[in-house]
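Data block below; observations after.
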Amino acid sequence: MQKRVLIGAMSMAIATLWSGAAFADGNTFKIGLILPMTGQQATTGRQIEAAARLYMAQNGDTVAGKKIELIVKDDTSVPDVTKRMAQELVVNDKVNVLAGFGITPSALAVAPIATQSKTPEVVMAAATSSITESSPYIIRTSFTLPQASVSLADWAPKNGIKKVVTLVSDYGPGIDAEKFFKERLTFNGGQVIESLRVPLRGPDFAPFLQKVRDLKPDALFVFVPSGAGAAVMKQFLERGMDKAGIRLIGTGDITDDDQLNDMGDGALGVVTSHHYSTYHQSPANKKFVEAFQKANKNLRPNFMAVGGYDGMRVIYEALKATKGNGGGDALLAAMKGQIFESPRGPVFIDAQTRDIVQNIYLRKVERKEGQLYNVEFDVIKDVKDPGKNR
Ligand code: DHB
């Protein structure tokens, strides 16, 4: 009898513990933020984590009655690690949303997990066009390389650039950039005379740049991922490519705001196309840049930070719209179709493609208030990813 009472008391205690846990879980909304915090893509992780934390500091950590818990994991930008971390976050931590993803292979590695577990995957950095097609649970708040490349291919031939060599990192976004730039430039009467690809990991640009010098194009078009631009710029200048009359152009990844100010005057005049510049002139951006710099020892927010900041907004608004009751499908539905003013300008999450529609700006590196910035001089409004529905 005594034993039974004891067991009864114990099971009650366990039940209480359980419901306690369930209670805590029921009131917590977990975001698993997987980022490269170390290694070659570490600046991406640093920027996105800082932006996510800023968004939370500005908007509170309780939404629709739920306490937001941000779980940050460092995948060192190794896709197998990203995948394992996503699995653990879904199975053990029971996260409501997976987010982050510094490079395309990491975003793709998580797609099957998002689909199977019906967990929204918010891609804040990776930018290969096809990513959103790898799972119906993917939403993107970064950009696509076709989106950025096509606008530059429209600008170039009108500005004396007809013969171009392309140089890209040899993986998804680089191949997208190469393909879409070439296709549009050719359509516009220009010509890509050579397409070069460099490895993603530890690239040595020197032999490729030598080849470009020999080919003497009007311009060299470059895509390398965020964090690698400074090395390209340095070697481009060291080899005297600019003095040989070869212009450097590319997507804004090469004049990354995270590094631009340290690139020196050699970067002046470089024209790029992209969706975000720290120097974007709008009240929303001014407020964002000031707050970001204040919270991060004056670090400049780059396009990765904006992808992270807007990604958090999309998650917060979905949680609000579902009044805190939404599972993966409801959250996803509430993420689709969001329209808002981002620090980059007006944006829209296309409900059909789950990809971001946004302005693409043409920018030139200039010195302003003593610092190097990407200064916007033209805008192509509401650009959809040209990689979709072809
Ligand atoms: C990707 C990574 C980057 O750092 C970038 O600037 C663009 C694209 C990617 O892997 O998709």
_Antiparallel %, DSSP beta bridges [both residues in the chain], to 5_ = 40
*Which shape class, rounded, prolate or oblate, goes with the stretch 279-390 when its Cα gyration tensor gives a ≥ b ≥ c as root eigenvalues, a/c under 1.5 marks rounded, and past that a/b bigger than b/c marks prolate?*
oblate
*For the stretch 345-351, what does the Karplus curve 6.51 cos²θ - 1.76 cosθ + 1.60, with θ = phi - 60°, yield as ³J(HN,Hα) per residue in whole Hz, taken in order and with x for Gly and Pro?*
x, x, 9, 8, 8, 4, 5
*Based on the Kirkwood radius over alpha-carbon pairs, what is the Stokes-Einstein translational diffusion coefficient of the chain at 37 °C with 0.692 mPa s viscosity, in µm²/s?*
151
*What number in nm² do you get for the stretch 116-268 if you take the convex hull of its Cα atoms and divide its surface by four?*
9.5
*Remind me, relative contact order of the stretch 244-297 in percent, using alpha carbon pairs under 8 angstrom and six or more residues apart?*
36
*For the Cα atoms of the chain, what angle does the longest principal axis make with the long axis of helix 172-187, in degrees from 0 to 90, nearest 10?*
40
*Alpha-carbon centroid distance for the pair the stretch 216-266 / the stretch 314-390, whole angstrom*: 26
*Compute the distance in nm between two label points, each set 7 Å from the Cα along the Cα-to-Cβ direction, one at residue 243 and one at residue 62.*
6.4
*Please give the helix 42-59 orientation as an angle from the longest Cα principal axis of the chain, in degrees from 0 to 90, rounded to the nearest 10.*
50
*Straight distance only, please: which lysines reach the Cα of residue 30 with their own Cα at less than 29 Å, same-chain residues fewer than 8 apart left out?*
66, 67, 73, 83, 94, 118, 287, 294, 297, 320, 323, 336
*Please determine, in degrees from 0 to 90 and to the nearest 10, the orientation of helix 283-295 with respect to the longest principal axis defined by the Cα atoms of the chain, where the helix direction is its Cα long axis.*
70
_Accessible area of the stretch 72-226 with a 1.4 Å probe: how many percent of it is carbon plus sulfur?_
51
*Which whole-Hz ³J(HN,Hα) couplings does the stretch 262-277 yield from phi under the Karplus relation 6.51 cos²θ - 1.76 cosθ + 1.60, θ = phi - 60°, glycine and proline marked x?*
9, 7, x, 5, x, 7, 4, x, 5, 9, 9, 10, 6, 9, 8, 10
*Determine the sum of side-chain charges near residue 185: Lys and Arg each +1, Asp and Glu each -1, restricted to other residues whose C-beta is under 15 angstrom from that of residue 185.*
+1
*What percentage of all Cα-Cα pairs in the stretch 200-251 are separated by more than 16 Å?*
34
_Given points 7 Å out from each Cα along the Cα-Cβ axis, report the residue 183 to residue 298 separation in nanometres with one decimal._
4.5
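The values are calculated or read from the model by the stated rules, or taken from the named source; none is laboratory data. Just so you know, these numbers come straight off a predicted model, no measurement behind them. Neighbour counts are summed over all protein chains in view; Cβ atoms, including those assigned to glycine, are modelled from backbone coordinates with ideal geometry. These accessible areas exclude ligands, DNA and RNA; they are computed on the full protein's heavy atoms, side chains included. Shrake-Rupley method; radii C 1.70, N 1.55, O 1.52, S 1.80 Å.
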